[in-house]
Amino acid sequence: MKHILLPIVLSGLFVISCGRKDNTIAENKDIKTIKIEVEGCEKNKDISGMFDTSFFRIIPLETKPECLLGSEIKQVFYRKDRVYIVEEMAKGIFVFDDNGKFITKIQSYGQGPEEYLSIKAVSITDDKILILDGSGRKVLIYDLDCNYLGQFGIGWKFPAHDMFATNDRIYYVSALNEVKKDVGPYRLCSTDIAGRDFQKYIPFDPDTVWPCYTGTNGIYTDISDNVKLMYKHTDTVYNAGPDGVHAEYVIDLGDKALPEYFRTNMGEARKPENRKKYINGFLKMLETKDKLIFHFQNGVIPRLDADKFMAELKKDYKKAMKWYNTEWPTIDYFAFYDKNTGETEVTNGLSVEWLGMYKVVFQYCDYPYLLFVEESDAQPSKADMENDRLNIPHGSQYEKRYKEVVTDIKEGDNPIVFVYKLKR
């Protein structure tokens, strides 16, 4: 994201400006329709062409007491050759260099003047780290070296379950059907970098809509000062940028669209028979220069005969894994909307052929990077490595680096981070 302009003269608590403006641009004559058709889509799409093949990182994160990560990694960022890990169990943000060496951290849990009670969300710009303390109802600001710069309070008058920043504004996302006094039923609010100039956007009817967003690192995607925002059980993609917030796209799922009844009765929508019939919202959204990419699920995975599969693994590991990775059904679907032509391509599964990887999903998105985290207790053994568990191409720079990393990994070590770069 672009720099946040930060003339910081921050004290412990700022009073939010009384001028509460609804700056949602309701009328947008240029709103476009994205039509997504699941029936008859191709079964797999090789997305190798999306990646900059000159850039690839396999980063084993250093393991020592002061940077020991738990199993609750919430967000991952890659900025200026550094990996930033937001870890809920450890209640901190940990910074590693491009080789995985621990550099520094933010771990200030408590009730002191420069501490937080919880890390509800994190947004990292070109030069700042912002932490939303959901329990303490404040935003703390640091530089990229984790030096504390200041904070401001946001009080209890508007919902704030997630956060993103662009230009000189911080946006607060409501994840629940929550209505605050004097603010009303709005899904999105914002302030300037000092917590002032409060604005609100995207009104909703609390009796008919449950505005649950798509989840961590999935609610928004950012390129060139504009952030795309979508709520899971709705069909509208909003744009937040210098000109305010407005609806930019509407998604047409045809017969797969979730009926209004299920949007307010999610228990019914999650039943297997309904998961087969309808698309129950979107999991991730990613924007590139030319495309919008949506990750969603449809259907129910058939039950795998575990005993039979284990027997096949013992008989011929490589053959069994290749069958599982290429033939076994997946309920993961991806829609690629071309912003230039208006056409949409839908696929049931993704692969990256130049890495020999199948069933790829977008785990952590930090444009132009895609990041994947593999826990150390799930690291392949040497035998698994010889059987090409990750199918790193033989003779490639990736195979050499992967073997170097795996050789030194022990159970209980910090995770390995894989970093891919998308073509700009």
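The values are calculated or read from the model by the stated rules, or taken from the named source; none is laboratory data. On a predicted model such as this, the values are computed, not experimentally measured, just so you know. Neighbour counts run over all protein chains shown; Cβ positions are idealised from the backbone, glycine included. To get the accessible areas, we keep the full protein, side chains included, count just its heavy atoms, and leave off ligands, DNA and RNA. Shrake-Rupley method; radii C 1.70, N 1.55, O 1.52, S 1.80 Å.
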| said: Which count do you get for residues in the range 163-185 that are in contact with a strand residue (DSSP E or B) (Cβ under 8 Å, 6 or more places away or on another chain), assigned to a strand (DSSP E or B) and open to solvent by 10 Å² or more (accessible area, probe 1.4 Å)? | reply: 2
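Can you tell me which residue within the range 283-326, out of those that are part of a loop (DSSP other than H, G, I, E, B) and under 30 Å from K421 (Cβ atoms), is nearest to the chain's Cα centre (by Cα)?
Step by step, filter the range 283-326, then rank; the result is T288.
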| Residues that are under 24 Å from D127 (Cα atoms), touching an Asp or Glu at 6+ places or on another chain (Cβ under 8 Å) and of a type outside the set (D, E, K, R), drawn from the range 70-82 | I73, V76, F77, Y78
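Criterion first (closer than 30 Å to K421 by Cβ and of a type in the set (G, A, S)) does G244 satisfy it?
Taking the combined requirement at face value, the residue does not satisfy it.
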| task | Kindly check whether there is at least one residue in the range 244-254 that is farther than 30 Å from D366 by Cβ, at pLDDT 80 or above and open to solvent by less than 20 Å² (accessible area, probe 1.4 Å). | result | no
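Among the residues of the range 275-282, are any in a helix (DSSP H, G or I) and without any contact (Cβ under 8 Å) to a residue 12 or more places away in the chain?
no
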| request: Output the number of residues of the range 290-300 satisfying the condition of being open to solvent by 60 Å² or more (accessible area, probe 1.4 Å) and either hydroxyl-bearing (S, T, Y) or over 16 Å from V361 (Cα atoms) (or both). | output: 2
| query | Has the range 144-151 got at least one residue that is on the phi < 0 side of the Ramachandran plot and free of Cβ contacts under 8 Å to residues at least 12 places away in the same chain? | reply | yes
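If you scan the range 113-139, which residues turn out to be farther than 13 Å from K91 by Cβ, within 22 Å of the chain's Cα centre (by Cα) and assigned to a strand (DSSP E or B)?
Taking the range 113-139 and keeping what is farther than 13 Å from K91 by Cβ, we get 113-114, 121, 123-130, 132, 137-139.
Filter once more, so that each one left must be within 22 Å of the chain's Cα centre (by Cα): 121, 123-130, 132, 139.
Passing the criteria: A121, S123, I124, K128, I129, L130, L132, V139.
Just for the range 255-274: of the residues that are assigned to a loop (DSSP other than H, G, I, E, B) and open to solvent by less than 60 Å² (accessible area, probe 1.4 Å), which one is modelled with the lowest pLDDT? Show your work before the answer.
The first filter runs over the range 255-274 and keeps only residues assigned to a loop (DSSP other than H, G, I, E, B), leaving 257-259, 264-265, 270-271.
Subsequent filtering for residues that are open to solvent by less than 60 Å² (accessible area, probe 1.4 Å) retains 257-259, 265.
On the way: A257: 92, L258: 85, P259: 86, N265: 76.
In this case the residue turns out to be N265.
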| request: Count, please, the residues in the range 140-155 that happen to be surrounded by 17 or more Cβ atoms within 10 Å (Cβ to Cβ), aliphatic (A, V, I, L, M) and assigned to a strand (DSSP E or B). | output: 2
| Residue check for T63: of a type in the set (V, I, T), outside any strand (DSSP E or B) and more than 17 Å from the chain's Cα centre (by Cα) | yes
| note | With the first residue restricted to the range 302-313 and required to be surrounded by 10 or more Cβ atoms within 10 Å (Cβ to Cβ), and the second required to be outside any loop (DSSP other than H, G, I, E, B), Cβ contacts under 6 Å at 6 or more apart or on different chains are E312/A320; L313/A320
